[in-house]
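Step one of this worksheet: look at the structure below.
Derivation of every value follows stated rules applied to the coordinates shown; laboratory data play no part. Everything numeric here is computed off the predicted structure, so don't read it as measured data. Don't worry about glycine lacking a Cβ; one is built from the backbone with ideal geometry, like all the others, and counts go over all protein chains shown.
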Amino acid sequence: MIDNIHFYFNVQNVQMFSQPYFTQTAPDVYTFKLFEHGNGLRVKYNPEMHTCSIQNSFTKLFHGNNIVNLTHSELQTICTTLPDVFNTHPESMKITKMEYGTNISTPQPAAHYIKEFTELSAKAFCKSEPPKGFTKHLQTKCYGSERALKIYDKGTFERLKITNFLRVECVYTTARCIGKVIKAPPNIATLPDVFHLNQHKNYLTNLLRQSKRTPAVLPPDVLKELTPPQIFMLFASPDVWVNIKNKSYGTYKAMRKQYNQLYRQILPVLQHTDIAPIVEAKINELLQH
């Protein structure tokens, strides 16, 4: 579920950094070990703003690696422990970025699902730069203005000798986007929003929505009702949209508004990719533990 997360909060008492469990690693940067088997938590203090910012993988924080999945009870333990450590209220810990997804053991090799995403998804995917120590691309991303959908071969990425281990996640890059997903006013997503079960329904719904197939698999009876301009907008390649934007931004903006309205209308009849039900089942399983 939740893995890498960025959040910040106001500091009530700077003297807490003098406690023996804090280790200073650089000016205004501290680490401390929160859980027995986990990695250290990195905290950066801003003395001018009197705030702390944290960028950490919650899975590594609890388990020491992110090969395993974090369960809901483990996530709740983290989110209830952190406010106590920093002597602050949970609602004051504001989230600015986070990853929501899961690692999955798949029936077929991971490459099958990655190919399906890149060739059949309604999103335009591109390959990320190879991670450190690798010469080939492992991650495939679809970038949006405030989020990115990632799918990659987790087995190869972690140097495991298995081919059917996959990671699917949605990366929210702004507080505003997270606020929209959880149906809250912009910029106020806080730490409790990470573990409340009703919010996980919103995160999961959004992740599954990102994995819908391309409109090319629309049922024939729906397809025949579309006008030529609507068909053009649905099937236009990313390059076509870039050309329209470069020629006239006003035209581009109007067409994208029409496209978004049309896409919302046809969304209920679009089929999911093969991986969607596997993702849904895995996350629902983690929410039960």
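Observations, loosely collected:
- Label zone at Val29 (point 7 Å along Cα-to-Cβ), backbone N below 16 Å, segment 52-79: 52-57
- Simple label model, 7 Å out from Cα along Cβ direction - Gln55 to His289, nm: 3.1 nm
- Positive contributions from Lys and Arg (+1) and negative ones from Asp and Glu (-1), summed over other residues with Cβ under 15 Å from the Cβ of Gln76, come out at -3.
- Computed from label points 7 Å out along Cα-Cβ, the spacing between Tyr263 and Asn198 is 2.9 nm.
- Summing charges over neighbours of Thr163, with a neighbour being any other residue whose Cβ is under 12 Å away from its Cβ, gives +1 when K and R count +1 and D and E count -1.
- Residue pairs exceeding 26 angstrom between C-alpha atoms, taken from Lys33/Lys183; Lys94/Lys132; Lys97/Lys132; Lys183/Lys224: Lys33/Lys183; Lys94/Lys132; Lys183/Lys224.
- Within segment 19-52, backbone nitrogen closer than 15 Å to the virtual label 7 Å beyond the Cα of Val85 toward Cβ: 19-25, 29-45, 52
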